[in-house]
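K.L.:
Below are the structure tokens for one structure; questions will follow.
All of the numbers you see were taken from the coordinates with simple rules; none came from a lab. Keep in mind that this is a model prediction, so the values were computed, not measured. Cβ sites come from the backbone with ideal geometry, for glycine too, and all protein chains shown count toward neighbours.
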Amino acid sequence: MSRRQRITTALVLAPLPIAAVLWLPTPWLAAAVAIVLLAGLWEWTAFAGIDETLPRTLFLTANALLMAALVWGGGPSLFTLKLASLIGVLWWAFVLLWLSRPAFGSGDTQAARGLKLLAASLCVVPAWCALGWLHAEDPLGPRWTLFAIALCWAADSGAYFAGSKFGRRKLAPAISPGKTWEGVWGGLATAVLLAVIALPLLGLGWGSLPALVLLTVVTAAISVVGDLFESLMKRHSGVKDSGALFPGHGGLMDRLDSLLAALPVFVVGKAWLGL
């Protein structure tokens, strides 16, 4: 992909999610994001080697019903959303182990396909719940939600440009040969810079900066794990991109992978740090 094409697509896409996060009420935002994520799950079924319409539709329906049940059962305390977000954190800890054994789940067997479908649900549903929790619980929830999303964008952009300019040492050559440690450090630095700028907009004093930087670094780091995990799924299925919806960026899951990992970790970390 060309750098110009990548930047142009990003600039065209960015205003819509920004406006939605800042101005839509949480139920409307959650509904809109659910539609996007379910479309992403449709792409993911290809990773599991499923291309028939009926099983794909049934899989999406099951996930949509699970989302609805979690919202209905949560009540004013958002308990189920919080529980699902915590499950998401545990899931991404497991993914770290999976990435250390990239051949795991790679076979073309019914068990491997089922595992990939389970992985899809564990990536998508907790992230959706985390977004709802983050957006709804705090009066500044929309700003915090936008910051979490922008943090991933900043880390991804910083990693892309730092990796292109300085990249030498491969991060995970067996999974994603193009990613480098220099790119990771560039992404983390860009995310921290964003945190410093965003601090007053999030209603925080300068005394909260160390906690916000810690949350930012951990979230940006786990966003890389999300990116690597989707790369592993694509490598297992032998495809380059999850789709071709966005010029220079691939499909929906290629745009969402880092966010899926980041959102549960961000919102649970925010609560734990008392931010």
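K.L.:
Amide H neighbours of residue 180 under 5 Å, at least 5 residues apart or on other chains, H built in the peptide plane: list them.
P.N.:
Under 5 Å from the amide H of residue 180 lie the amide H atoms of 171, each far enough along the sequence or on another chain.
K.L.:
Next up: Could you compute the FRET efficiency for residue 77 and residue 57, with r as their C-beta to C-beta distance and R0 at 30 Å, rounded to 0.05?
P.N.:
0.35
K.L.:
While we're looking at this one, here's another question. Return the calculated 222 nm mean residue ellipticity for the chain, to the nearest 500 deg cm²/dmol, obtained by summing -39500 (n - 2.57) across DSSP H runs with n ≥ 4 and dividing by the residue count.
P.N.:
-26000 deg cm²/dmol
K.L.:
Hey, what D do you get for segment 92-194 in µm²/s if you plug the Kirkwood alpha-carbon radius into Stokes-Einstein at 4 °C and 1.567 mPa s?
P.N.:
Stokes-Einstein gives a translational diffusion coefficient of 81 µm²/s.
K.L.:
On to the next question. For the chain, set up a GNM with springs between Cα atoms under 10 Å and report which of 227, 254, 108 has the largest fluctuation.
P.N.:
108
K.L.:
Please name which of 205, 222, 126 has its Cα lying farthest along the dipole of the chain towards the positive end, using unit charges on Cβ (Lys, Arg +1; Asp, Glu -1) and the Cα centre as origin.
P.N.:
Of the candidates, 222 comes out farthest on the positive side.
K.L.:
Here is a further query. Just grab the label-to-label distance for residue 237 and residue 103, each label 7 Å out from Cα along the Cβ direction, in nm (one decimal).
P.N.:
Output for this residue pair reads 2.3 nm.
K.L.:
Relative contact order for the chain: what percent, with Cα pairs under 8 Å and sequence separation of 6 or more?
P.N.:
Dividing the mean separation by the residue count of the chain yields 25 percent.
K.L.:
Please state the charge dipole magnitude for the chain, taken about the Cα centre, from unit charges on C-beta atoms (+1 on K and R, -1 on D and E), reported in debye and rounded to the nearest 20.
P.N.:
Result for the chain is approximately 660 debye, rounded to the nearest 20.
K.L.:
Using the membrane-span-like helix rule (whole DSSP H runs, Cα extent along the own axis of at least 20 Å, mean Kyte-Doolittle hydropathy at least 0.0), which helices of the chain qualify?
P.N.:
Those that clear 20 Å and a mean of 0.0 are 26-47, 53-74, 79-99, 110-137, 141-166, 181-198, 209-237, 252-273.
K.L.:
Okay, next question. Hey, any idea what the orientation-averaged projected area of the convex hull of segment 1-149's Cα atoms comes to, in nm²?
P.N.:
10.6 nm²
K.L.:
Bin by bin, in steps of 10 Å, what percent of the Cα pairs in segment 3-273 do you find, going until the bin that has the longest distance?
P.N.:
7, 30, 38, 21, 4, 0
K.L.:
How far apart, in nanometres, would the label points at residue 218 and residue 204 be if each is projected 7 angstrom from Cα along the Cα-to-Cβ direction?
P.N.:
Rounded to a tenth, the inter-label distance reads 1.2 nm.
K.L.:
Turning to a different aspect of this structure: Kindly rank 73-83, 211-221 from highest to lowest mean number of other beta carbons found within 10 Å of each residue.
P.N.:
The packing order, highest mean first, is 211-221, 73-83.
K.L.:
Please work out the C-alpha center-to-center distance from segment 40-70 to segment 112-142 and express it in whole Å.
P.N.:
15 Å
K.L.:
Taking the Cβ of residue 49 as the centre, find all other residues whose Cβ is under 10 Å away and add up their charges (Lys, Arg: +1; Asp, Glu: -1).
P.N.:
Net charge around residue 49: 0.
K.L.:
Could you tell me the number of lysine pairs in the chain with C-alpha atoms less than 13 Å from each other, where the two lysines are 8 or more residues apart or belong to different chains?
P.N.:
The number of close lysine pairs in the chain is 4.
K.L.:
How big is the charge dipole of segment 1-154 about its Cα centre, in debye rounded to the nearest 20, if each Lys and Arg gets +1 on its Cβ and each Asp and Glu gets -1 on its Cβ?
P.N.:
Once rounded to the nearest 20, the dipole reads 380 debye.
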